[in-house]
1. Taking segment 123-178 only, how many residues are among the basic types (K, R), within 25 Å of R36 (Cβ to Cβ) and either exposed (fewer than 12 other Cβ atoms within 10 Å of the Cβ) or at pLDDT below 70 (or both)?
2. Out of all the residues in segment 46-66, which are within 15 Å of V103 (Cβ to Cβ) and either part of a strand (DSSP E or B) or of a type in the set (D, E, K, R) (or both)?
3. Which residues, counting only those in segment 24-45, are of a type in the set (D, E), more than 15 Å from the chain's Cα centre (by Cα) and part of a strand (DSSP E or B)?
4. Those residues that are aliphatic (A, V, I, L, M) and out of contact with any strand residue (DSSP E or B) (no Cβ under 7 Å at 6 or more places or on another chain), I need them from segment 168-224; list them, please.
5. Look through segment 90-107, keep the residues that are in contact with a strand residue (DSSP E or B) (Cβ under 6 Å, 6 or more places away or on another chain) and aliphatic (A, V, I, L, M), and return whichever of them is surrounded by the most Cβ atoms within 10 Å (Cβ to Cβ).
6. So, F110, is that one surrounded by 22 or more Cβ atoms within 10 Å (Cβ to Cβ), more than 16 Å from the chain's Cα centre (by Cα) and in contact (Cβ under 8 Å) with a residue 40 or more places away in the chain or not?
Amino acid sequence: MIRRTALAAALFAALAFSQARPGTQPANRMEISLERLDVDNWRSIDPGLVLEQGDRIRFVFHASFDGYLYVTNLSSSGKYEQLFPREETGQDNRIAGGNEYRVPATQTAFRIAGPPGHETVYWLVSPVRLTNGLPHLGPGVKTSPPTLVPRCDDTLLRSRGDCIDTSAGPKLLPRDIDIPPNLSDAAERSKRDLLFMRKQDTAVISSPAPLGGPVIYVFLLAHR
């Protein structure tokens, strides 16, 4: 489970959205990187790195268009948690294109904890504010825990012995995955023609056309 290391941790104040200039890049583009705290320094890591218990992480986002962000997590123990917006993490979920965001937006970090497996972080981005906001998830809402088990790809082991799980990182929303109750309505309208690419340790997610409605994708975090 991802846990806030301080009460004031702003979990996800994030993404940036504004239309790309014609002829320079896809109409809608997001870049996401994952950072881990190494003693006193933050370092970019492979999105598929299998994390250890107690690791402290944060996300860095840059995108090309404006919109609104809603984030929900499914922990490796099967518990849903609405991460953003909420009172503890900030109610203003408008995101502006061309800006870079670190999430959490404070000096705190997220700590990896819970049974070995995958955290499924659902990102819902909408070009307009959802009329009725995002339905609130009551405390303790649970489902069957994810069954994926982190596995090292021996062909991707680096010189320092990192374990890389190629199933982790940003992914298109699978059709057979459980949907958090607060996202089910938007998931039915979510577009599915997103493109996922890699640029070193940064994941690039793009849409060939401007968003006409909400889009949902997941970021799988593998940990032992």
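1. 2
2. Across segment 46-66, the qualifying residues are R56, I57, R58, F59, V60, F61, H62, A63.
3. D38
4. Answer for segment 168-224, where residues must be aliphatic (A, V, I, L, M) and out of contact with any strand residue (DSSP E or B) (no Cβ under 7 Å at 6 or more places or on another chain): I177, I179, A209.
5. This residue is V103.
6. Answer is no for this residue.
Let's see how each residue does on (1) aliphatic (A, V, I, L, M); (2) closer than 22 Å to Q82 by Cβ:
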{"position": "P180", "(1), (2)": "no, yes"}
{"position": "D193", "(1), (2)": "no, no"}
{"position": "R198", "(1), (2)": "no, no"}
{"position": "D201", "(1), (2)": "no, no"}
{"position": "V215", "(1), (2)": "yes, yes"}
{"position": "H223", "(1), (2)": "no, yes"}
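The values are calculated or read from the model by the stated rules, or taken from the named source; none is laboratory data. No experiment lies behind these values; they were computed from the predicted model shown. Cβ atoms come from the backbone with ideal geometry, glycine included; neighbour counts cover every protein chain shown.
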